[in-house]
1. Which one of the conditions (1) out of contact with any helix residue (DSSP H, G or I) (no Cβ under 7 Å at 6 or more places or on another chain); (2) open to solvent by 20 Å² or more (accessible area, probe 1.4 Å) does residue 163 fail to meet, given that it meets all the rest?
2. Residues of region 182-199 being part of a loop (DSSP other than H, G, I, E, B) and open to solvent by 10 Å² or more (accessible area, probe 1.4 Å), which ones?
3. Looking at 309, 284, 314, 328, can you tell me which residue is within 20 Å of the chain's Cα centre (by Cα) and closer than 22 Å to residue 354 by Cβ?
4. Going by the structure shown, is residue 100 surrounded by 19 or more Cβ atoms within 10 Å (Cβ to Cβ), within 23 Å of the chain's Cα centre (by Cα) and hydroxyl-bearing (Ser, Thr, Tyr)?
5. For region 236-283, which residues satisfy the criterion of being in a loop (DSSP other than H, G, I, E, B), in contact with a helix residue (DSSP H, G or I) (Cβ under 7 Å, 6 or more places away or on another chain) and open to solvent by 20 Å² or more (accessible area, probe 1.4 Å)?
6. Can you name the residue in region 355-376 that is assigned to a loop (DSSP other than H, G, I, E, B) and small (Gly, Ala, Ser) and is also surrounded by the fewest Cβ atoms within 10 Å (Cβ to Cβ) among such residues?
7. Out of region 162-208, which residues are touching a Ser or Thr at 6+ places or on another chain (Cβ under 8 Å) and farther than 26 Å from residue 133 by Cβ?
8. If you check residue 130 against the conditions, is it surrounded by 16 or more Cβ atoms within 10 Å (Cβ to Cβ) and of a type in the set (Phe, Trp, Tyr)?
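The values are calculated or read from the model by the stated rules, or taken from the named source; none is laboratory data. In this text, all values refer to a predicted model and were calculated from it rather than measured experimentally. Please note: Cβ atoms are built from the backbone with ideal geometry, for glycine as well, and neighbour counts cover all protein chains shown. Heads up: the accessible areas ignore ligands, DNA and RNA and are worked out on the full protein's heavy atoms, side chains in. Shrake-Rupley method; radii C 1.70, N 1.55, O 1.52, S 1.80 Å.
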Amino acid sequence: MSATSVAHYYRPRAVYHSTRSNFIERSKRLFQDTIQGRRTTSEDTTPQRPVESSQKELRTSIVKSINEATWNAAKEKRSQRDATLKRFGALINDTFGNMYSVQPFGSTCYGASSNASDIDVVIFDNERPYGISPDDTRPLPPIYNVRRIAQCLRRAGYMDISFIPNAAVPLVKFTDPATGMSCDANVNNRLGVYNTALLRQYCLRVPHLARFLRSVKVWVRSVGLNNPSAHKLPRSFSSYAITLMTIAWMQDIGHLPNLQADPDVILESHFWEQRLGWNRKVEFSFGACKDWARPPYLRPPTFYRWLRFWAQEFDHEKSIVSIREGGFVDRPAEAPREWGHLHMDSRDVGNIVVLDPLSDRNCTYGISSAILNRFKQACAEEMTQWKEPHIPQAAEREK
């Protein structure tokens, strides 16, 4: 896939075709104006605009119209998301009470989502801000039963409703009929919100990171390796795992700091996670590394270098991915219990290990060696469509 095709993949189809039609029409008019200019008589002393200047203005106008159309589409999508969240929050309050609130999390909150991305939502239980501790013996309210949430959504006219009560984090999925936005909602699992706050800080440190993450995730989806649910297809990478892999790679090459090693903490808290059949207290903290600056001599991160690293350089048998540790660490002989999946105490290290920065969960658990090899092969094949930019060395610059 070429650079142009990757860029057009996540651009709205209607915007692309509209811009292409405008380009064709304006090109025709420019050609006609050029012909008419050649046919002017010698008595016509009106100066003619140079064709090169007209073509430059046309290109500038096309780029401007694309940017405006893309911005308007993104702005409309944001307003639709806000309306969906507001409507869903009102429904939860009317059905279960005002002690609950809804909070979005995920890539939509730090600018790395595409227009086709779902909204990830957590329903906050404001009476249990730190989750369910072992000392909390109160009976759980009805909202913790995702079946009850699905029933109220069905009565309210929402579409495509399904629920997964036995997942590691029970979910309810639905589509808002008013906006067409799809949502995945869970009840009071706040680790996703804290993870989002951490990733947002990384995007604030390097402004182009969100755009780079969006492009990488679009490519992974285009080669059929973005299927974490293992529904009808073999389990492959989640968008979240791809995000962690990219941040770890940028930490390793010096383009991102380790926010969780910053002593100047901006967020410190804990949460009681219910997973693997036991309650575990997850403590976390991170800073903003406000004094960090990327060394000016570093080569810029490129998609080609990202492909080359995962195709040729990363050894999944010797290393694991952990942005908490600043990139990559040695792979242990046996997995800790925290790396398990669902409600099983798994000692299987897994084919590739990408650790959650807060809970140490392996985000790539269940990915087979065949899928991992497909990923490496896809990266190697895509490399042939790209060229590594030439960066002049010091001796060349002196010349």
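1. It is condition (1) that residue 163 fails.
2. The first filter runs over region 182-199 and keeps only residues part of a loop (DSSP other than H, G, I, E, B), leaving 188-190.
Those that are part of a loop (DSSP other than H, G, I, E, B) and open to solvent by 10 Å² or more (accessible area, probe 1.4 Å): 189, 190.
3. Details: 284 fails: within 20 Å of the chain's Cα centre (by Cα); 314 fails: within 20 Å of the chain's Cα centre (by Cα); 328 fails: within 20 Å of the chain's Cα centre (by Cα).
Matching residue, one of 309, 284, 314, 328: 309.
4. Details: surrounded by 19 or more Cβ atoms within 10 Å (Cβ to Cβ): yes; within 23 Å of the chain's Cα centre (by Cα): no; hydroxyl-bearing (Ser, Thr, Tyr): yes.
No, not satisfied.
5. Passing the criteria: only 258.
6. If we filter region 355-376 for residues that are assigned to a loop (DSSP other than H, G, I, E, B), which is where we start, we get 356-361, 363-368.
Among the residues that remain, those that are also small (Gly, Ala, Ser) are: 359, 366, 368.
Numbers: 359: 18, 366: 17, 368: 13.
Going through the qualifying residues, I end up with 368.
7. Listed by number, the residues that qualify are 173, 174, 175, 176, 178, 179, 181, 182, 183, 199.
8. Details: surrounded by 16 or more Cβ atoms within 10 Å (Cβ to Cβ): no; of a type in the set (Phe, Trp, Tyr): yes.
So residue 130 fails the test.
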